[in-house]
Amino acid sequence: MALLAPTGSGLRRRSGTDVARLVIALLAVIAMGFAYGASPYVFGAVAGWIYPVPHVLSWLVTTLWFVGSIGVMVLMVLVIVVARRFEILRDLAAALAVSWLACVVIQSGLGVTLGLPSDAAVKFSGFDLGFPAVLVALTAGICIAAKPYLSRPLQRLIEINLALLIVTGFVYGAGLPFSLVAGIGVGWGAAALTHLLFGAPVAIPTADEVSDLLEELHITSGSVKSVPYQQWGLSRFVADHESGRTLRISLYSRDARQSQLFAKIYRNIMYRSDVAPFALTRVQQIEHEAYVTLLAQRAAPGRTSELMATEILGPSREAVVVSNSPDGVLLHELLDSGQTPTREAISSVASTVKLLHEHQIAHGSIDFDHIVVDGDRAGLVNFDGGAGNADDESLNRDVAALLVTASLALGADEAIPAVMDQLGIDAVVRALPLLETAALPAGLKAALRRSKNHKLLKEVREKGAEAAGVDVPDVQQLGRFSLSKLIVAGGSVLGLYALVGVLLKSAQSASIIAHASLPWVIATAVAAVLTFVAAASATLGTIPGTLPLWPLILLEVSNTFTALTFTGAVTATRIRFFQRQGMSSTVAVTSGALGGAASWTAKIVLVLISIPFALGKINVHDLVKTSGGKGIHLNWTLILSIVVLVIVILGIAIWVAFKVPKSRAAIESKVRPKYEETKGHVKELAHKPSKLVEMFGGQAASQLLTAIALGTALEGFGHHLGLGVIFIVIVVGALLGAIAPVPGGMGVVEAGTILGLKACGIPADAAVAAVFVQRLFTGYLPPVAGWLALMVLRHKDEL
């Protein structure tokens with residue numbers, strides 16, 4: 001179809017240029033946002049002059065506006081549907097969704113009019129003052145996302161339409177110029193993000209175009225085809241040479257420089273050391289590859305690529321490097337055909353690496369796409385990631401990449417001795433700490449992911465150490481960030497934000513403490529601290545083995561902070577802690593579940609014991625009445641219906657899970673082993689009475705100490721209640737806090753406890769004061785100590 005561009009090779013990839021576009025779009029929207037407040041002064045007079053347009057022209061402006069926005073979006077979809085290029089619709093839908101979501105976020109967070117002066121509505125009467133212009137953003141998002149697939153004339157028409165849309169939108173009253181330009185920026189950024197997520201056929205020339213470039217270099221070749229796995233910003237092709245050998249073509253488009261620049265920036269941010277080369281221009285890029293190829297050709301003749309030509313040519317001024325490959329096929333082609341390389345082939349490529357390293361040359365990208373295998377011989381091709389006069393870390397990374405590549409292809413038991421025989425024990429030992437994902441080339445990381453062998457790096461490290469006769473070394477931490485560090489940092493930000501409210505409440509409590517009896521305040525603090533000791537003892541009773549009590553106390557204290565961050569943080573922290581102690585994640589989860597069950601069992605037992613002591617002490621009518629004085633009426637029919645519905649849905653879900661073959665297989669392979677491990681854990685605890693005493697006794701002591709803390713706080717203000725009554729009041733407050741969507745139940749627990757104390761006849765001012773003192777030591781200060789405990793555990797490598 002004439003409106004769409006040729007499919008070319010049909011390959012998609014992510015472009016460094018799209019990163020630049022996303023950054024520029026973000027900066028443009030921010031700039032327009034800052035400038036938007038000046039709109040009344042910049043466009044006020046002009047708006048009054050052009051709007052509203054004369055009636056005789058209003059139909060034309062309206063038509064131009066809707067055709068240029070909604071009409072163009074409909075046209076894009078129709079063109080793609082008629083051409084049956086349905087895969088493009090996903091990109092358009094994603095760009096549309098991102099554009100709309102960005103507008104919603106901006107308007108929800110900063111206000112629809114972005115703080116325009118109050119007189120703006122009068123000065124721009126009839127205008128849509130929203131920022132950014134939503135319809136323009138949606139149009140720009142769809143059009144720019146579709147651009148790579150459109151013919152060049154249609155691309156130019158799209159660009160002209162977006163420019164006219166700003167003028168037409170202002171005249172029509174759809175928005176102010178700064179808002180309309182911001183809409184273009186939002187759509188541009190959304191399209192760039194879409195291309196980064198899904199890739200786009202940007203800067204990937206066709207085989208015919210590459211064949212024409214070879215003719216300009218006076219190189220006679222047969223059929224040209226692209227390689228299956230393309231690098232970011234670099235296009236690779238292969239062709240048959242008249243000599244019978246394979247030509248390998250590296251083609252650096254205009255996008256290559258931006259791609260390499262952003263890749264370099266990313267690596268320097270994410271990793272402590274980056275040995276990958278960097279060139280500022282395409283000329284420098286091809287010069288670098290040509291130079292390293294010549295060095296390798298001289299160091300290992302016949303085993304590496306031989307440089308044939310390098311030039312910048314073609315209408316798009318493409319930078320081209322052409323090399324002649326050693327005989328054979330790429331390792332990935334050999335594996336795809338169902339064959340495996342011989343041990344001699346692995347030894348051959350290892351000897352090639354040894355020759356290069358003797359001349360301080362690092363390849364930098366050893367993987368399935370850079371090793372050529374011909375029977376028992378193997379060589380290396382494509383030196384764009386290589387380095388002459390390489391440092392020791394670059395050489396060690398080469399060995400690590402070779403070990404992983406060979407182990408994926410042949411198995412660690414065969415690969416490690418083959419590599420070690422050629423490179424020597426010392427070279428392998430130096431590479432073992434670099435057997436981590438961050439040290440591997442991008443292509444090898446992708447191959448490792450595709451293999452789904454998540455334990456391979458650990459296996460190679462252990463077997464390599466065994467073959468070398470050394471202890472298994474620690475992994476060299478190349479990444480500046482890790483998932484655990486990012487989670488802790490994000491959790492700390494959320495937790496510290498929540499702590500602002502906590503500290504404000506602490507300040508209120510501090511002023512109240514001045515009127516309390518100091519000895520009783522100290523007693524409250526001691527009781528609150530002892531609750532964590534009791535909780536740690538209860539946790540100790542939920543695990544089969546034994547652990548020092550102090551780390552468990554720190555864990556319980558840290559939970560008061562992690563509970564403020566996000567759902568599941570406490571469970572994740574527990575799992576990490578127990579794994580560091582040599583226990584499985586199942587034990588950690590089971591421990592938490594048993595602790596929760598023991599806690600509720602202890603509460604129920606203590607409540608049953610407390611009820612006789614509380615009878616006649618609590619005015620139930622005062623406890624259940626609302627602020628308006630009306631009683632609480634529960635619709636038991638509705639509650640029962642909901643319970644039955646939940647049970648039915650769970651039953652259907654379980655039935656389907658066991659009937660569907662894939663679900664049943666997953667249950668058998670993943671759930672059943674966990675169930676058996678959990679059952680064994682519970683059985684082991686059941687045969688140890690001391691563990692049951694620790695578990696239930698610790699939970700009961702923790703509950704009683706919390707109630708004692710409230711009782712001592714009451715004594716500090718000259719009031720007292722029996723422990724049974726106080727425990728009932730504590731349970732009421734805890735239940736209200738548990739069902740409230742507030743981190744740690746802040747505010748809700750206090751309200752429920754104060755309500756309970758008032759129902760027991762405690763004056764309102766004393767109830768409020770006592771609860772604030774008790775919560776100071778049980779709810780407000782513990783998260784502060786929890787953050788410190790979390791840092792201590794991390795410092796001691798126990799998290």
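Sort through Thr571, Thr565 and tell me the only one that's among the polar types (S, T, N, Q), under 36 Å from the mean Cα position of the chain (by Cα), farther than 26 Å from Lys691 by Cα and modelled with pLDDT under 75.
On the way: Thr571 fails: farther than 26 Å from Lys691 by Cα.
Sole residue among the options that is among the polar types (S, T, N, Q), under 36 Å from the mean Cα position of the chain (by Cα), farther than 26 Å from Lys691 by Cα and modelled with pLDDT under 75: Thr565.
Where residues in the range 129-153 are out of contact with any helix residue (DSSP H, G or I) (no Cβ under 8 Å at 6 or more places or on another chain) and not polar (S, T, N, Q), which of them is nearest to Ala45 (Cα to Cα)? Talk me through it step by step, then tell me what you get.
Initially, the range 129-153 is screened for residues out of contact with any helix residue (DSSP H, G or I) (no Cβ under 8 Å at 6 or more places or on another chain), giving 151-153.
So of that shortlist, the ones also not polar (S, T, N, Q) come out as 152-153.
Working: Arg152: 39, Pro153: 37 Å.
Among those residues, the one meeting the criterion is Pro153.
Could you list, in sequence order, all residues of the range 377-408 that are part of a loop (DSSP other than H, G, I, E, B), in contact with a Ser or Thr (Cβ under 7 Å, 6 or more places away or on another chain), at pLDDT below 90 and on the phi < 0 side of the Ramachandran plot?
Of all residues in the range 377-408, those part of a loop (DSSP other than H, G, I, E, B) come to 381-386, 388-391.
Next, from what is left, pick out any that are in contact with a Ser or Thr (Cβ under 7 Å, 6 or more places away or on another chain): 381-385.
Keeping just the survivors that are at pLDDT below 90 gives 382-385.
Within the range 377-408, Phe383, Asp384, Gly385 qualify.
State whether the residues of the range 380-392 include one that is without any contact (Cβ under 8 Å) to a residue 60 or more places away in the chain, out of contact with any strand residue (DSSP E or B) (no Cβ under 7 Å at 6 or more places or on another chain), open to solvent by 30 Å² or more (accessible area, probe 1.4 Å) and under 18 Å from Leu355 (Cα atoms). Give the derivation first.
The first filter runs over the range 380-392 and keeps only residues without any contact (Cβ under 8 Å) to a residue 60 or more places away in the chain, leaving 389, 392.
Narrowing the set further to residues that are out of contact with any strand residue (DSSP E or B) (no Cβ under 7 Å at 6 or more places or on another chain) leaves 389, 392.
Of the ones still in play, those that are also open to solvent by 30 Å² or more (accessible area, probe 1.4 Å) are 389, 392.
Cutting the leftovers down to under 18 Å from Leu355 (Cα atoms) gives us 389, 392.
The answer is yes, given that some residue of the range 380-392 is without any contact (Cβ under 8 Å) to a residue 60 or more places away in the chain, out of contact with any strand residue (DSSP E or B) (no Cβ under 7 Å at 6 or more places or on another chain), open to solvent by 30 Å² or more (accessible area, probe 1.4 Å) and under 18 Å from Leu355 (Cα atoms).
Need pairs with beta-carbon distance below 7 Å; first residue closer than 14 Å to Ala140 by Cβ and within the range 69-82, second of a type in the set (S, T, N, Q) and surrounded by 15 or more Cβ atoms within 10 Å (Cβ to Cβ); sequence gap 6+ or separate chains.
Note: pairs meeting the criteria are Ser69/Thr139; Val72/Thr139; Val72/Asn161; Met73/Thr139.
Here are the criteria: (1) among the aliphatic types (A, V, I, L, M); (2) modelled with pLDDT under 65; (3) closer than 29 Å to Pro544 by Cβ. Tell me which single one Val660 does not satisfy.
Answer for Val660: the failing condition is (3).
Restricting attention to the range 117-132, which residues are assigned to a loop (DSSP other than H, G, I, E, B), within 17 Å of Pro177 (Cα to Cα) and over 30 Å from the mean Cα position of the chain (by Cα)? Before the answer, list the steps.
Initial filter on the range 117-132 (assigned to a loop (DSSP other than H, G, I, E, B)): 117-119, 124-132.
After this cut, where a residue has to be within 17 Å of Pro177 (Cα to Cα) as well, the list is 117, 124-132.
Listed by number, the residues that qualify are Pro117, Phe124, Ser125, Gly126, Phe127, Asp128, Leu129, Gly130.
Within the range 127-186, track down each residue that is touching a Cys at 6+ places or on another chain (Cβ under 9 Å) and small (Gly, Ala, Ser).
Gly130, Ala133, Ala137, Gly183, listed by residue number.
Condition check ((1) within 19 Å of Ile286 (Cα to Cα); (2) part of a helix (DSSP H, G or I); (3) in contact (Cβ under 8 Å) with a residue 40 or more places away in the chain) across all residues:
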{"site": "Val320", "(1), (2), (3)": "yes, no, yes"}
{"site": "Glu333", "(1), (2), (3)": "no, yes, no"}
{"site": "Ser347", "(1), (2), (3)": "no, yes, yes"}
{"site": "Thr352", "(1), (2), (3)": "no, yes, yes"}
{"site": "Leu355", "(1), (2), (3)": "no, yes, yes"}
{"site": "Gln360", "(1), (2), (3)": "no, no, no"}
{"site": "Gly364", "(1), (2), (3)": "yes, no, yes"}
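Whether any residue in the range 133-144 is part of a loop (DSSP other than H, G, I, E, B), closer than 13 Å to Gly187 by Cα and out of contact with any His (no Cβ under 9 Å at 6 or more places or on another chain) is what I want to check.
Narrowing the range 133-144 to residues part of a loop (DSSP other than H, G, I, E, B): 133.
Now restrict to residues that are closer than 13 Å to Gly187 by Cα: 133.
From what is left, the residues that are out of contact with any His (no Cβ under 9 Å at 6 or more places or on another chain) are 133.
Within the range 133-144 (the criterion being part of a loop (DSSP other than H, G, I, E, B), closer than 13 Å to Gly187 by Cα and out of contact with any His (no Cβ under 9 Å at 6 or more places or on another chain)), the answer is yes, since at least one residue qualifies.
Only residues that are in contact (Cβ under 8 Å) with a residue 60 or more places away in the chain and within 30 Å of the chain's Cα centre (by Cα): list them for the range 395-417, please.
Within the range 395-417, Arg397, Leu403, Thr405 qualify.
When residues of the range 295-318 are filtered for being surrounded by fewer than 16 Cβ atoms within 10 Å (Cβ to Cβ) and either outside any loop (DSSP other than H, G, I, E, B) or not small (Gly, Ala, Ser) (or both), how many remain?
Just the residues of the range 295-318 that are surrounded by fewer than 16 Cβ atoms within 10 Å (Cβ to Cβ), to begin with: 298, 301-302, 311-313, 315-317.
This time we only want the ones that are either outside any loop (DSSP other than H, G, I, E, B) or not small (Gly, Ala, Ser) (or both), so: 298, 301, 311-313, 315, 317.
So the count comes out to 7.
Looking at the range 179-210, which of its residues are open to solvent by 40 Å² or more (accessible area, probe 1.4 Å) and part of a helix (DSSP H, G or I)?
Val181, Trp188, Leu193, Leu197, Phe198, Asp208, Glu209
With respect to Ser511, determine if the residue is modelled with pLDDT under 70, surrounded by fewer than 16 Cβ atoms within 10 Å (Cβ to Cβ) and part of a helix (DSSP H, G or I).
Working: modelled with pLDDT under 70: yes; surrounded by fewer than 16 Cβ atoms within 10 Å (Cβ to Cβ): yes; part of a helix (DSSP H, G or I): yes.
When the stated conditions are applied, Ser511 passes them.
Let me confirm something: among Leu57, Leu114, which residue is within 23 Å of Leu176 (Cβ to Cβ) and outside any helix (DSSP H, G or I)?
Working: Leu57 fails: outside any helix (DSSP H, G or I).
After applying the criteria, what remains is Leu114.
Every residue in the range 94-133 that is closer than 18 Å to Val72 by Cα and either open to solvent by 50 Å² or more (accessible area, probe 1.4 Å) or not aliphatic (A, V, I, L, M) (or both), please. Give the steps one after another, and end with the answer.
Applying the first criterion (closer than 18 Å to Val72 by Cα) to the range 94-133 yields 94-97, 99-100, 133.
Once the filter is applied, which keeps residues that are closer than 18 Å to Val72 by Cα and either open to solvent by 50 Å² or more (accessible area, probe 1.4 Å) or not aliphatic (A, V, I, L, M) (or both), the range 94-133 yields Leu96, Ala97, Ser99, Trp100.
Is it true that some residue in the range 574-582 is outside any helix (DSSP H, G or I), closer than 22 Å to Leu790 by Cα, open to solvent by less than 50 Å² (accessible area, probe 1.4 Å) and at pLDDT below 75?
From the range 574-582, those outside any helix (DSSP H, G or I) are 581-582; that's our starting set.
Now restrict to residues that are closer than 22 Å to Leu790 by Cα: 581-582.
Still in the running and open to solvent by less than 50 Å² (accessible area, probe 1.4 Å): none.
No - not one qualifying residue is present in the range 574-582.
Which one is surrounded by the fewest Cβ atoms within 10 Å (Cβ to Cβ) among residues in the range 319-348 that are of a type in the set (Gly, Ala, Ser) and within 17 Å of Phe368 (Cβ to Cβ)?
Let us first name the residues in the range 319-348 that are of a type in the set (Gly, Ala, Ser), namely 319, 323, 325, 328, 337-338, 345, 347-348.
Still in the list and also within 17 Å of Phe368 (Cβ to Cβ): 325, 328, 337-338, 345, 348.
Details: Ser325: 21, Gly328: 20, Ser337: 9, Gly338: 6, Ala345: 26, Ser348: 23.
If we take residues in the range 319-348 being of a type in the set (Gly, Ala, Ser) and within 17 Å of Phe368 (Cβ to Cβ), then Gly338 is surrounded by the fewest Cβ atoms within 10 Å (Cβ to Cβ).
Quick check, is Ala446 open to solvent by less than 10 Å² (accessible area, probe 1.4 Å) and assigned to a helix (DSSP H, G or I)?
On the way: open to solvent by less than 10 Å² (accessible area, probe 1.4 Å): no; assigned to a helix (DSSP H, G or I): yes.
The answer is no for Ala446.
Considering Lys674, Lys688, which residue is open to solvent by 60 Å² or more (accessible area, probe 1.4 Å), at pLDDT 65 or above and closer than 26 Å to Gly545 by Cα?
Exactly one residue qualifies, and that residue is Lys688.
Looking only at the range 428-440, decide whether some residue is open to solvent by 20 Å² or more (accessible area, probe 1.4 Å), at positive phi and not in a helix (DSSP H, G or I).
No, every residue in the range 428-440 fails to be open to solvent by 20 Å² or more (accessible area, probe 1.4 Å), at positive phi and not in a helix (DSSP H, G or I).
Given the conditions (1) over 20 Å from Leu530 (Cα atoms); (2) modelled with pLDDT under 80; (3) not in a loop (DSSP other than H, G, I, E, B), and given that Val725 satisfies all but one, which numbered condition is not satisfied?
Among (1) over 20 Å from Leu530 (Cα atoms); (2) modelled with pLDDT under 80; (3) not in a loop (DSSP other than H, G, I, E, B), the lone unmet condition for Val725 is (2).
The values are calculated or read from the model by the stated rules, or taken from the named source; none is laboratory data. Since the structure is predicted, the reported quantities are computational estimates derived from the model, not experimental observations. All Cβ positions, glycine included, derive from the backbone under ideal geometry; neighbour counts span all protein chains shown. Note: accessible area is taken over every heavy atom of the protein model, side chains too, but ligands, DNA and RNA are not part of it. Shrake-Rupley method; radii C 1.70, N 1.55, O 1.52, S 1.80 Å.
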